[in-house]
1. In region 175-218, what count of residues is obtained for those that are over 18 Å from the mean Cα position of the chain (by Cα), open to solvent by 70 Å² or more (accessible area, probe 1.4 Å) and not polar (S, T, N, Q)?
2. Out of region 121-130, which residues are open to solvent by 10 Å² or more (accessible area, probe 1.4 Å) and in contact (Cβ under 8 Å) with a residue 24 or more places away in the chain?
3. Name every residue in region 69-110 that is open to solvent by less than 30 Å² (accessible area, probe 1.4 Å), in a strand (DSSP E or B) and either free of Cβ contacts under 8 Å to residues at least 40 places away in the same chain or in contact with a helix residue (DSSP H, G or I) (Cβ under 6 Å, 6 or more places away or on another chain) (or both), in order of residue number.
4. Take region 158-174 and flag every residue that is surrounded by 15 or more Cβ atoms within 10 Å (Cβ to Cβ) and not polar (S, T, N, Q).
5. Inside region 173-218, can you point out the residues that are under 23 Å from Pro102 (Cβ atoms), assigned to a strand (DSSP E or B) and small (Gly, Ala, Ser)?
6. Could you check, for region 172-188, whether at least one of its residues is among the small types (Gly, Ala, Ser) and in contact (Cβ under 8 Å) with a residue 40 or more places away in the chain?
Amino acid sequence: PISTNFSWSPDSKKIIYAKRNSPATLYGTVIYDLYEYDIKSDEEKQITEDLRAFSPSYSPDGKSIVFVVNKDGTLNLRISDNQGKNVKPLTSFNNGEQVYNPKFSSDGKKILFDYAYEEYRKLASVDVSSGELELILDEKGIDYRSPVMSRDGKKLYYASNKTGIFNIYSLDMETKNTSQITNVLGGAFMPSIDSSGNLAYATYTSTGYKIALLKNFP
């Protein structure tokens, strides 16, 4: 079965996602690999093998993908071409660190992701060329999750429980000022913004999870 998040290619012709091996391996090990689905041909193609890869995302030009790999409980980021070949490490954590939700920056030069080593998630980035790591948002006792950058690279959107409930916030990349975008009681998660300024996110209501949309968001 398909697991973790998926990503649309920039031209909206393909979807990439992780899928669990079925049946499990000889020793009962469950391994995730990446698959690509072509919308027009209605065909699915496996693009990695025995890589323990999940949570993939396309680069802005569609030529590369970033994803998470799991080894002995430690999660790391890897990058490859859009066919899952030429895999290269982006991080080299080895002490149980966890990384989630990797996304390319709007210029494709950095990877934005959730990072956790103790009990709280932080927002971090890694430079694709140099491997330089940077903590973007880090405050004890507060979770920061699911960073995604606006198409012009001026703002970073993310979910945080700063008020005790997860809501969507924005960070101005130049001034470093933060703004709270939503104010819901059930929680708002996993923001996504398009080139027209429409902000979509998951929210929890009395009838379960829903998809919410703020149109023409500034």
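The values are calculated or read from the model by the stated rules, or taken from the named source; none is laboratory data. These numbers were taken from a predicted model, which means no experiment stands behind them. Every residue, glycine as well, gets a Cβ built from its backbone with ideal geometry; the counts of neighbours run over all protein chains shown. With ligands, DNA and RNA removed, areas are computed over all heavy atoms of the protein, side chains included. Shrake-Rupley method; radii C 1.70, N 1.55, O 1.52, S 1.80 Å.
1. Final tally of qualifying residues: 8.
2. The answer is Arg121, Val128.
3. Val69, Thr74, Leu75, Asn76, Ser80, Val99
4. Hits for region 158-174 are Tyr158, Ala159, Lys162, Ile165, Phe166, Ile168, Tyr169, Leu171, Met173.
5. Within region 173-218, Ala188, Ser192, Ala200, Ala202 meet the criteria.
6. no
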